[in-house]
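The structure appears right after this line, and notes come after that.
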Amino acid sequence: MNTPAAYFDSQYARATDPWHLGERWYDRRKYTLTVAALPRARYARAFEPGCSVGVLTEQLAARCDRLLSTDRITAAVETTARRSAGLEHVTVRQMTVPGQWPQESFDLVVLSELLYYFDTGTRAALLHQSMESLDGGGHLVAVHWNHPVAEHTCTGRDIAAQLDALDGLSGLARYDDPDFTLTVHERRPDPGPVLSPARAEGLV
């Protein structure tokens, strides 16, 4: 079953940043690695569902011309909106994925600490929507915790395997450590090698 909305409501009722995302070295390191793994220097249009309190949002904003960040919880949306108030190219919106989904296309979709809250069928639907939202050559980034948690339906390694099996995506990068797995996939509508940073600059 999907993690119920009441779980998130209770977490944010107790604290503005219930997972201490803005405080821990673990999260700062993970976000730095996430942004460093982006194959392009700049993205035109990016989507970050499940933005929580917007710590990663700030870092993604530095690499994007436009960024849409969403969350299902009002308190999280409000905190992210305050954190990104000076960033005019960032839009923060309340949205429950995958039932609600933006109509526009993107060249970057970032799924951070989100997918393990969904059951297998819902997670597959969300991944399919993420892929369909990508322009050709766009990137889908996923980063998720690997340790067992009662509210989680899977781990980061499980999610990486599901992404690898998805037709239309090609693996570009992967980072594994005991705590989390980070993957970058490229949407490849046509056969051919992925456009790595070296290939994009004509070095290969």
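Please work out which residue is most open to solvent (accessible area, probe 1.4 Å), limiting yourself to the range 159-177 and to residues that are assigned to a loop (DSSP other than H, G, I, E, B) and hydrophobic (A, V, I, L, M, F, W, C).
So the residue we want is ALA165.
Identify all residues within the range 123-140 that are out of contact with any Leu (no Cβ under 8 Å at 6 or more places or on another chain) and within 18 Å of VAL194 (Cβ to Cβ); write none if there are none. Don't jump to the end; show me each part of the working.
Step one: of the range 123-140, the residues out of contact with any Leu (no Cβ under 8 Å at 6 or more places or on another chain) are 124-125, 129, 132-133, 135-136.
Residues satisfying the conditions are ASP135, GLY136.
Of all the residues that make up the range 178-204, how many are under 23 Å from ILE159 (Cβ atoms), at pLDDT below 95 and open to solvent by less than 40 Å² (accessible area, probe 1.4 Å)?
Result for the range 178-204: 2.
Restricting attention to the range 18-36, which residues are open to solvent by 30 Å² or more (accessible area, probe 1.4 Å) and not β-branched (Val, Ile, Thr)?
Correct list: TRP19, HIS20, GLY22, GLU23, ARG24, TRP25, TYR26, ARG28, ARG29, LEU33, ALA36.
Considering the range 122-140 alone, what residues qualify as being in a helix (DSSP H, G or I) and open to solvent by less than 50 Å² (accessible area, probe 1.4 Å)?
THR122, ARG123, ALA124, ALA125, LEU126, LEU127, SER130, MET131, SER133
Cβ-Cβ distance below 7 Å, separation of 6 or more or different chains: which pairs start in the range 1-14 with a residue that is open to solvent by 70 Å² or more (accessible area, probe 1.4 Å) and end on one that is charged (D, E, K, R)?
Sorted first by the residue in the range 1-14, then by its partner, the pairs are MET1/ASP119.
The values are calculated or read from the model by the stated rules, or taken from the named source; none is laboratory data. On a predicted model such as this, the values are computed, not experimentally measured, just so you know. Neighbour counts are summed over all protein chains in view; Cβ atoms, including those assigned to glycine, are modelled from backbone coordinates with ideal geometry. Only protein heavy atoms, including side chains, enter the accessible area calculation; ligands, DNA and RNA are left aside. Shrake-Rupley method; radii C 1.70, N 1.55, O 1.52, S 1.80 Å.
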